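Visitor: This is the structure I want to talk about, given as structure tokens.
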Amino acid sequence: MTRWLGVALLPRADHTRVAIRLQESLGGDRPLQPPLSEDGNLPHLTVFQGPFEDDLDPERELARIGASVSLPGQLSLASVGIVYQPTGWLFMSVERPALLEKVQEVVLDGLAPRLDRQAFDTSKDTSRFSESERVSFARYGYRYTGDAYAPHITLGRTDEATALELVRTAPERTRVPDEWTFDRFSFYAMGEHGAHAEKLAERPVAAV
């Protein structure tokens, strides 16, 4: 049986709460979906996600990732801003330093061979993807790898017109922190819109 899973960086506890409030203030009377919460869909920065073989061991894979790349106890990434991504997505975009690119490379090296490629959505409309996003999707079943990697915290999804309006009026609705600090890796089960629906394994960012 195919399992839809992901690897993510989780914000420090106080920044998790900030992200939840940011979603609420941005959406206002037009709530973004799915709703973020501390005991439900966690705010997160996806490193990679996709369909995997059933026997993949999240604990073992996280241990391998932690042992393969040297990271500080906390990883702080500067905010780029709230951005629109077709179709209907609102992202809290962050910088993409070389160290974060290295993390994704390590994750892909270990996990790409375990992908269930028969489960890739070959009928997906990629007409609004960039060329690098189409290449990434064809290769890994995920839009954001390699040149197309776009580190972000997903703030939610809505209809196109609302998404564009919310991005345009975001400075009036909310205040974006200067940076976000991440202190844990998570291996998670995906929910609605790729949400971090269930934590399967967790470890500190720095190897212990």
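The values are calculated or read from the model by the stated rules, or taken from the named source; none is laboratory data. Quick caveat: nothing in here was measured; it's all calculated off a predicted structure. A quick note on method: Cβ atoms are made from the backbone with ideal geometry, for glycine too, and the neighbour counts reach across all protein chains shown. When the accessible area is computed, the model is the full protein with side chains, heavy atoms only, and any ligands, DNA or RNA have been set aside. Shrake-Rupley method; radii C 1.70, N 1.55, O 1.52, S 1.80 Å.
Visitor: Any idea how many residues of the stretch 4-29 are in contact (Cβ under 8 Å) with a residue 40 or more places away in the chain, in contact with an Asp or Glu (Cβ under 9 Å, 6 or more places away or on another chain) and open to solvent by 60 Å² or more (accessible area, probe 1.4 Å)?
Guide: Here the count works out to 1.
Visitor: Please verify whether residue 54 is among the acidic types (Asp, Glu), open to solvent by 10 Å² or more (accessible area, probe 1.4 Å), closer than 18 Å to residue 107 by Cα and in a loop (DSSP other than H, G, I, E, B), treating the condition exactly as stated.
Guide: Spelling it out, residue 54 is indeed among the acidic types (Asp, Glu), open to solvent by 10 Å² or more (accessible area, probe 1.4 Å), closer than 18 Å to residue 107 by Cα and in a loop (DSSP other than H, G, I, E, B).
Visitor: Provide a single number: the residues in the stretch 182-201 that are of a type in the set (A, V, I, L, M) and either more than 21 Å from the chain's Cα centre (by Cα) or open to solvent by less than 30 Å² (accessible area, probe 1.4 Å) (or both).
Guide: The qualifying residues number 3.
Visitor: Still on this structure, please answer the following. Residues of the stretch 59-77 being in contact with a strand residue (DSSP E or B) (Cβ under 8 Å, 6 or more places away or on another chain) and open to solvent by 40 Å² or more (accessible area, probe 1.4 Å), which ones?
Guide: Scanning the stretch 59-77 gives 59, 63, 73, 74, 76.
Visitor: Still on this structure, please answer the following. Restricting the first residue to the stretch 96-121 and requiring it to be without any contact (Cβ under 8 Å) to a residue 40 or more places away in the chain and of a type outside the set (Ser, Thr, Tyr), which pairs with a second residue that is surrounded by 19 or more Cβ atoms within 10 Å (Cβ to Cβ) and in a helix (DSSP H, G or I) meet a Cβ separation below 9 Å and a spacing of at least six or different chains?
Guide: Taking only residues 6 or more apart or on different chains, the pairs are 112/140; 121/137.
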